[in-house]
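First up is the structure itself, then whatever we jot down about it.
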Amino acid sequence: MQVAQQITNQILQKEFVKQLPSENELIEQYEVSRNTIRNAINVLASQGLIRRVQGSGYYINQHILRSTDLLMMGAKNGIKPEKFRKDSLKNDINSNSRVNSKVVHLDDTTAKGEVAAMLECDESTPIYYCERVRFLNGNLLCLEKAYYLKEFVPFLNEDICKKSIFDFIKKQYNIETESADDFIKLVTISKEDAKLVDKEAGAPAINIREINYLKNNRPFNCSSINYFDENLTFYYHLDTLISH
């Protein structure tokens with residue numbers, strides 16, 4: 001992961017402009033094994049930061065570098081490009097941006113109904129529920145409702161939730177997202193939510209329901225987030241499309 005981070009930083013600092021050096025050159029530069037270089041390249045390719053061209057090498061995705069306020073939906077593996085800024089979904093927003101959070105609710109409770117189903121746990125299982133309004137450069141970004149299994153995240157407080165929760169649980173509990181499921185749809189906001197974000201009830205929003213998994217495929221977090229920022233771009237990278 002460290003090599004992938006270093007290559008990412010060199011791309012964003014324009015040390016690599018169009019194409020990555022060859023595998024042999026990267027091995028020599030970073031003094032690591034071929035497997036380590038290939039693993040790093042796979043990480044960057046999975047995010048869409050580079051593209052493989054068979055017989056030619058690895059080319060840098062210029063579309064990402066030119067984009068601003070970019071939410072990288074595939075960035076689930078801990079890479080933090082300097083150009084981007086992490087938000088609570090472990091996705092990336094341009095580093096010139098500033099994300100702030102206002103905590104609305106933080107409850108020590110138990111999983112129920114759909115939340116228990118998403119977290120694949122019993123309805124009596126202890127969880128944290130955190131609801132917060134998030135702002136990008138002082139403008140409304142989203143309303144986030146997130147749930148964390150206390151088995152994996154035994155402690156949260158309001159100060160932690162004002163910042164990046166995922167950064168905290170990575171440092172404190174060594175927890176990182178191995179994979180995630182995202183479900184996106186257009187919704188209209190409820191009266192209760194409208195009051196929190198100073199919008200009219202029934203106003204449109206992009207809703208993302210997400211489940212984050214550990215390496216053993218256990219879910220440790222799920223969330224429902226309504227996005228309101230009209231300038232935000234959602235980016236997905238797909239290596240293969242399966243047609244029926």
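Descriptive notes on the structure:
- Nitroxide proxy distance, nm - points 7 Å out along Cα→Cβ at residue 22 and residue 181: 4.5
- Computed over the stretch 110-150: relative contact order in percent, which uses C-alpha pairs under 8 Å that are six or more apart: 35
- Out-of-range pairs (alpha-carbon distance over 19 Å; input 150/170; 14/171; 102/195): 14/171
- Burial order of peptide ranges 7-13, 55-61 (average beta-carbon count within 10 Å, highest first): 7-13, 55-61
- Cut-off under 5 Å, modelled amide H: who pairs with residue 50 long-range: 45, 61
A short reminder: the numbers here are calculations on the coordinates, not readings from a lab. The shown structure was predicted, so the numbers you read here are calculated from the model rather than taken from an experiment. In this analysis, Cβ positions are derived from the backbone assuming ideal geometry, glycine residues included, and neighbour counts consider all displayed protein chains.
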